[in-house]
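Notes follow the structure.
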Amino acid sequence: MTTALTQGLERIPDQIGYLVISEEGVLASAGELENDEHTAGVIMQMVRTACRFRLHGAAEPLFKRMSVMFEDYVYAVTISGQKVFVVKRQNNQREPVIV
Amino acid sequence: PLKCYNLQTNTTLFSLRVKPLIPDPNLDRKPTSGSERNADSLPSNRTDEQALLTTILQRTALNIIDVSAVDSQGMEQHEYMDRARQYSTKLEVLSRTLSQKKPVPLPSLTSQPHQVLAADLVPYADVQQVSKIAAYAYSAISQIKVDAKEELVVQFAIP
(Lines give C-alpha, C1' and ligand atoms only; values in the text may rest on other atoms or scores of the structure.)
Protein backbone atom coordinates (compact mmCIF):
# COMPACT_ATOMS: atom_id res chain seq x y z
CA MET A 1 0.00 0.00 0.00
CA THR A 2 2.83 2.36 0.82
CA THR A 3 4.41 1.87 -2.62
CA ALA A 4 1.33 3.18 -4.36
CA LEU A 5 1.34 6.24 -2.14
CA THR A 6 5.05 6.91 -2.27
CA GLN A 7 5.97 5.98 -5.84
CA GLY A 8 4.64 9.24 -7.21
CA LEU A 9 6.35 11.22 -4.44
CA GLU A 10 9.72 9.60 -5.11
CA ARG A 11 9.65 10.86 -8.66
CA ILE A 12 8.98 14.50 -7.85
CA PRO A 13 11.80 16.65 -9.24
CA ASP A 14 14.37 17.88 -6.69
CA GLN A 15 12.56 16.24 -3.78
CA ILE A 16 14.73 15.63 -0.73
CA GLY A 17 12.18 13.95 1.50
CA TYR A 18 8.50 13.26 1.97
CA LEU A 19 5.80 12.30 4.49
CA VAL A 20 2.40 10.70 4.14
CA ILE A 21 0.24 11.39 7.21
CA SER A 22 -3.22 10.22 8.23
CA GLU A 23 -5.38 11.11 11.24
CA GLU A 24 -3.79 8.17 13.07
CA GLY A 25 -0.18 9.15 12.34
CA VAL A 26 2.67 8.92 9.86
CA LEU A 27 2.05 6.26 7.19
CA ALA A 28 5.29 6.70 5.26
CA SER A 29 8.39 8.88 5.40
CA ALA A 30 11.69 9.17 3.51
CA GLY A 31 14.77 11.29 2.91
CA GLU A 32 15.23 14.28 5.21
CA LEU A 33 11.74 13.76 6.61
CA GLU A 34 12.33 10.12 7.56
CA ASN A 35 10.77 9.45 10.99
CA ASP A 36 10.25 13.19 11.46
CA GLU A 37 7.11 13.04 13.61
CA HIS A 38 7.68 16.57 14.88
CA THR A 39 7.53 18.15 11.43
CA ALA A 40 4.53 15.92 10.65
CA GLY A 41 2.72 17.26 13.71
CA VAL A 42 3.44 20.89 12.92
CA ILE A 43 2.39 20.53 9.29
CA MET A 44 -0.85 18.77 10.27
CA GLN A 45 -1.74 21.71 12.51
CA MET A 46 -0.87 24.23 9.81
CA VAL A 47 -2.88 22.52 7.11
CA ARG A 48 -5.91 22.04 9.38
CA THR A 49 -5.83 25.75 10.17
CA ALA A 50 -5.49 26.65 6.48
CA CYS A 51 -8.50 24.46 5.65
CA ARG A 52 -10.66 26.55 7.93
CA PHE A 53 -10.30 29.64 5.75
CA ARG A 54 -13.40 29.93 3.65
CA LEU A 55 -14.60 32.64 1.33
CA HIS A 56 -18.06 33.84 2.40
CA GLY A 57 -19.01 30.51 3.91
CA ALA A 58 -18.18 28.50 0.78
CA ALA A 59 -18.11 24.75 1.25
CA GLU A 60 -14.80 24.14 -0.55
CA PRO A 61 -11.41 25.03 0.93
CA LEU A 62 -9.59 27.86 -0.82
CA PHE A 63 -6.51 26.01 -2.00
CA LYS A 64 -5.07 22.90 -3.64
CA ARG A 65 -1.56 23.11 -2.25
CA MET A 66 0.04 24.78 0.75
CA SER A 67 3.70 25.82 0.45
CA VAL A 68 5.86 26.55 3.50
CA MET A 69 8.80 28.42 2.05
CA PHE A 70 12.23 28.69 3.59
CA GLU A 71 15.37 30.14 2.12
CA ASP A 72 16.71 27.00 0.48
CA TYR A 73 13.79 24.58 0.56
CA VAL A 74 10.00 24.33 0.50
CA TYR A 75 7.48 22.01 2.09
CA ALA A 76 4.69 21.43 -0.42
CA VAL A 77 1.55 20.03 1.21
CA THR A 78 -1.75 18.73 -0.14
CA ILE A 79 -4.60 16.48 1.00
CA SER A 80 -6.12 13.61 -0.91
CA GLY A 81 -8.31 10.74 0.26
CA GLN A 82 -8.07 11.55 3.98
CA LYS A 83 -4.25 11.65 3.82
CA VAL A 84 -1.83 14.55 3.97
CA PHE A 85 1.06 14.44 1.51
CA VAL A 86 4.18 16.48 2.28
CA VAL A 87 7.16 16.84 -0.03
CA LYS A 88 10.37 18.68 0.84
CA ARG A 89 11.80 20.19 -2.31
CA GLN A 90 14.89 22.22 -3.00
CA ASN A 91 14.21 25.86 -3.69
CA ASN A 92 16.78 27.17 -6.11
CA GLN A 93 14.95 30.30 -7.07
CA ARG A 94 16.85 33.50 -6.57
CA GLU A 95 16.55 37.12 -7.52
CA PRO A 96 16.62 37.18 -11.30
CA VAL A 97 19.92 38.64 -12.52
CA ILE A 98 19.61 41.17 -15.28
CA VAL A 99 22.53 40.84 -17.61
CA PRO B 1 -41.50 42.17 50.59
CA LEU B 2 -39.54 42.99 47.47
CA LYS B 3 -40.86 42.15 44.07
CA CYS B 4 -38.93 41.64 40.84
CA TYR B 5 -40.83 42.90 37.83
CA ASN B 6 -40.38 42.13 34.19
CA LEU B 7 -40.79 45.62 32.78
CA GLN B 8 -41.67 44.40 29.30
CA THR B 9 -44.49 42.08 30.22
CA ASN B 10 -45.31 43.88 33.46
CA THR B 11 -45.50 40.65 35.38
CA THR B 12 -43.94 39.72 38.66
CA LEU B 13 -41.07 37.29 38.22
CA PHE B 14 -40.51 36.53 41.85
CA SER B 15 -40.81 38.17 45.21
CA LEU B 16 -38.53 38.11 48.19
CA ARG B 17 -39.30 38.56 51.81
CA VAL B 18 -36.52 40.50 53.37
CA LYS B 19 -35.95 41.76 56.82
CA PRO B 20 -34.66 45.29 56.89
CA LEU B 21 -31.10 45.55 58.14
CA ILE B 22 -32.07 48.06 60.77
CA PRO B 23 -35.47 47.90 62.49
CA ASP B 24 -37.38 50.69 60.96
CA PRO B 25 -39.12 52.97 63.39
CA ASN B 26 -41.90 55.29 62.54
CA LEU B 27 -40.58 57.19 59.55
CA ASP B 28 -43.25 59.85 59.37
CA ARG B 29 -42.23 61.63 62.48
CA LYS B 30 -43.89 64.77 63.55
CA PRO B 31 -41.90 67.81 62.54
CA THR B 32 -39.96 69.50 65.33
CA SER B 33 -42.01 72.09 67.11
CA GLY B 34 -42.24 75.37 65.32
CA SER B 35 -39.65 75.42 62.51
CA GLU B 36 -40.11 73.71 59.18
CA ARG B 37 -37.49 71.20 58.11
CA ASN B 38 -35.45 72.93 55.49
CA ALA B 39 -33.37 70.49 53.47
CA ASP B 40 -30.66 73.02 52.82
CA SER B 41 -30.09 74.24 56.34
CA LEU B 42 -27.45 72.51 58.40
CA PRO B 43 -28.43 71.06 61.76
CA SER B 44 -27.68 73.65 64.35
CA ASN B 45 -27.27 71.35 67.34
CA ARG B 46 -26.22 67.85 68.32
CA THR B 47 -29.71 66.21 68.40
CA ASP B 48 -30.59 67.46 64.93
CA GLU B 49 -27.33 66.11 63.58
CA GLN B 50 -27.96 62.74 65.20
CA ALA B 51 -31.47 62.63 63.79
CA LEU B 52 -30.19 63.46 60.32
CA LEU B 53 -27.52 60.77 60.50
CA THR B 54 -30.03 58.20 61.69
CA THR B 55 -32.36 59.03 58.80
CA ILE B 56 -29.53 58.63 56.31
CA LEU B 57 -28.56 55.33 57.89
CA GLN B 58 -32.13 54.03 57.78
CA ARG B 59 -32.61 55.09 54.20
CA THR B 60 -29.41 53.31 53.17
CA ALA B 61 -30.36 50.18 55.08
CA LEU B 62 -33.72 50.12 53.31
CA ASN B 63 -31.96 50.17 49.96
CA ILE B 64 -29.59 47.32 50.78
CA ILE B 65 -30.76 43.74 50.29
CA ASP B 66 -29.01 41.26 52.52
CA VAL B 67 -28.95 38.23 50.24
CA SER B 68 -27.83 35.88 52.97
CA ALA B 69 -30.92 36.67 54.99
CA VAL B 70 -33.38 35.73 52.25
CA ASP B 71 -35.56 32.75 53.13
CA SER B 72 -35.44 29.94 50.60
CA GLN B 73 -38.72 29.08 48.95
CA GLY B 74 -39.16 26.18 51.30
CA MET B 75 -38.05 23.15 49.28
CA GLU B 76 -38.19 19.94 51.23
CA GLN B 77 -35.13 17.83 51.75
CA HIS B 78 -36.22 14.98 49.45
CA GLU B 79 -37.25 17.41 46.68
CA TYR B 80 -33.82 18.98 46.93
CA MET B 81 -32.06 15.62 46.73
CA ASP B 82 -34.18 14.53 43.76
CA ARG B 83 -33.39 17.66 41.86
CA ALA B 84 -29.67 17.40 42.63
CA ARG B 85 -29.70 13.83 41.29
CA GLN B 86 -31.60 14.96 38.18
CA TYR B 87 -29.04 17.68 37.40
CA SER B 88 -26.09 15.39 37.99
CA THR B 89 -27.51 12.78 35.57
CA LYS B 90 -28.10 15.44 32.93
CA LEU B 91 -24.51 16.61 33.31
CA GLU B 92 -23.18 13.08 32.90
CA VAL B 93 -25.12 12.58 29.67
CA LEU B 94 -23.91 15.92 28.30
CA SER B 95 -20.25 15.30 29.13
CA ARG B 96 -20.42 11.88 27.47
CA THR B 97 -21.76 13.30 24.19
CA LEU B 98 -19.19 16.10 24.26
CA SER B 99 -16.20 13.76 24.59
CA GLN B 100 -17.50 11.59 21.74
CA LYS B 101 -17.43 14.47 19.24
CA LYS B 102 -15.13 13.50 16.36
CA PRO B 103 -12.68 16.07 15.02
CA VAL B 104 -13.60 17.65 11.66
CA PRO B 105 -12.52 15.24 8.87
CA LEU B 106 -9.84 16.41 6.49
CA PRO B 107 -11.30 17.79 3.26
CA SER B 108 -9.95 16.50 -0.01
CA LEU B 109 -8.03 19.18 -1.87
CA THR B 110 -7.18 17.15 -4.97
CA SER B 111 -7.48 13.72 -6.54
CA GLN B 112 -3.97 14.06 -8.03
CA PRO B 113 -1.66 14.66 -5.04
CA HIS B 114 1.56 13.73 -6.84
CA GLN B 115 0.80 16.01 -9.76
CA VAL B 116 -0.09 18.92 -7.48
CA LEU B 117 3.05 18.49 -5.40
CA ALA B 118 5.30 18.11 -8.46
CA ALA B 119 3.98 21.30 -10.10
CA ASP B 120 6.14 24.42 -10.33
CA LEU B 121 6.97 26.07 -7.04
CA VAL B 122 5.60 29.50 -6.15
CA PRO B 123 7.58 32.03 -8.21
CA TYR B 124 10.16 34.07 -6.35
CA ALA B 125 8.50 37.33 -7.47
CA ASP B 126 5.22 36.25 -5.86
CA VAL B 127 6.97 35.45 -2.60
CA GLN B 128 8.64 38.87 -2.63
CA GLN B 129 5.33 40.59 -3.22
CA VAL B 130 3.58 38.76 -0.40
CA SER B 131 6.47 39.50 1.95
CA LYS B 132 6.23 43.20 1.10
CA ILE B 133 2.47 43.26 1.68
CA ALA B 134 2.92 41.49 5.00
CA ALA B 135 5.59 44.00 6.03
CA TYR B 136 3.24 46.90 5.24
CA ALA B 137 0.45 45.31 7.23
CA TYR B 138 2.76 44.70 10.18
CA SER B 139 3.96 48.28 10.08
CA ALA B 140 0.40 49.60 9.97
CA ILE B 141 -0.74 47.46 12.88
CA SER B 142 2.23 48.45 15.01
CA GLN B 143 1.26 52.10 14.58
CA ILE B 144 -2.16 51.63 16.13
CA LYS B 145 -2.17 53.49 19.41
CA VAL B 146 -4.56 54.98 21.92
CA ASP B 147 -5.22 58.70 21.52
CA ALA B 148 -6.09 59.79 25.04
CA LYS B 149 -8.35 62.82 24.84
CA GLU B 150 -9.57 63.14 28.40
CA GLU B 151 -8.40 62.36 31.91
CA LEU B 152 -9.14 58.77 32.81
CA VAL B 153 -9.49 59.49 36.52
CA VAL B 154 -11.46 62.50 37.67
CA GLN B 155 -12.43 63.94 41.01
CA PHE B 156 -16.05 63.33 41.77
CA ALA B 157 -17.25 66.62 43.18
CA ILE B 158 -20.30 66.71 45.40
CA PRO B 159 -21.78 70.20 45.27
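The values are calculated or read from the model by the stated rules, or taken from the named source; none is laboratory data. For clarity, every value in this text was computed on a predicted model and none was experimentally measured. Glycine gets a Cβ as well: all are built from the backbone with ideal geometry, and neighbour counts include every protein chain shown.
Just one of the listed residues (A:E71, A:E34) is more than 7 Å from chain B (Cβ to nearest Cβ), within 21 Å of B:V127 (Cβ to Cβ) and in a loop (DSSP other than H, G, I, E, B), and it is A:E71.
Do we find that A:I79 is within 17 Å of B:S108 (Cα to Cα) and crowded, with 16+ Cβ neighbours inside 10 Å in this structure? For A:I79, the condition - within 17 Å of B:S108 (Cα to Cα) and crowded, with 16+ Cβ neighbours inside 10 Å - is met.
Taken together, the residues in region A:1-30 that are under 15 Å from B:A118 (Cα atoms), in a helix (DSSP H, G or I) and either under 12 Å from the mean Cα position of the chain (by Cα) or of a type in the set (G, A, S) (or both) amount to 2. Within region A:37-68, the set of residues being of a type in the set (A, V, I, L, M, F, W, C) and over 20 Å from B:D126 (Cα atoms) comprises A:A40, A:V42, A:I43, A:M44, A:M46, A:V47, A:C51, A:F53, A:L55, A:A58, A:A59. Just one residue in the set B:S111, B:S131 is over 37 Å from the mean Cα position of the chain (by Cα), surrounded by fewer than 10 Cβ atoms within 10 Å (Cβ to Cβ) and within 30 Å of A:Q90 (Cα to Cα); that residue is B:S111.
Got at least one residue in region A:52-68 being touching a Cys at 6+ places or on another chain (Cβ under 7 Å), part of a loop (DSSP other than H, G, I, E, B) and within 18 Å of B:T110 (Cα to Cα)? Checking region A:52-68: at least one residue is touching a Cys at 6+ places or on another chain (Cβ under 7 Å), part of a loop (DSSP other than H, G, I, E, B) and within 18 Å of B:T110 (Cα to Cα). Screening the candidates A:F85, A:F63 for the property of being facing chain B (nearest Cβ under 9 Å), of a type outside the set (A, V, I, L, M) and in contact (Cβ under 8 Å) with a residue 60 or more places away in the chain yields one hit, A:F85. Looking only at residues in region A:1-31 that are among the small types (G, A, S) and out of contact with any Leu (no Cβ under 9 Å at 6 or more places or on another chain), which one is nearest to the other protein chains (Cβ to nearest Cβ)? Selected residue: A:A4.
Does region B:110-148 hold any residues that are in a helix (DSSP H, G or I), hydrophobic (A, V, I, L, M, F, W, C) and within 12 Å of chain A (Cβ to nearest Cβ), and which are they? B:V116, B:L117, B:A118, B:A125, B:V127, B:V130 - these are the residues of region B:110-148 that are in a helix (DSSP H, G or I), hydrophobic (A, V, I, L, M, F, W, C) and within 12 Å of chain A (Cβ to nearest Cβ).
Of all residues in region A:88-99 being at the interface with chain B (Cβ under 10 Å from one of its Cβ atoms) and crowded, with 18+ Cβ neighbours inside 10 Å, which is nearest to B:Q128 (Cα to Cα)? Let's see the steps before the verdict.
So in region A:88-99, the residues at the interface with chain B (Cβ under 10 Å from one of its Cβ atoms) come out as A:89-96.
Narrowing the set further to residues that are crowded, with 18+ Cβ neighbours inside 10 Å leaves A:89, A:91.
Values: A:R89: 19, A:N91: 14 Å.
Filtering region A:88-99 for residues that are at the interface with chain B (Cβ under 10 Å from one of its Cβ atoms) and crowded, with 18+ Cβ neighbours inside 10 Å, the one nearest to B:Q128 (Cα to Cα) comes out as A:N91.
Determine whether region B:103-124 contains at least one residue that is at pLDDT 75 or above and more than 30 Å from A:G8 (Cβ to Cβ). Looking through region B:103-124, none of the residues is at pLDDT 75 or above and more than 30 Å from A:G8 (Cβ to Cβ). Taken over region B:87-109, the criterion of being at the interface with another protein chain (Cβ under 7 Å from one of its Cβ atoms) and of a type in the set (A, V, I, L, M) is satisfied by B:L106, B:L109.
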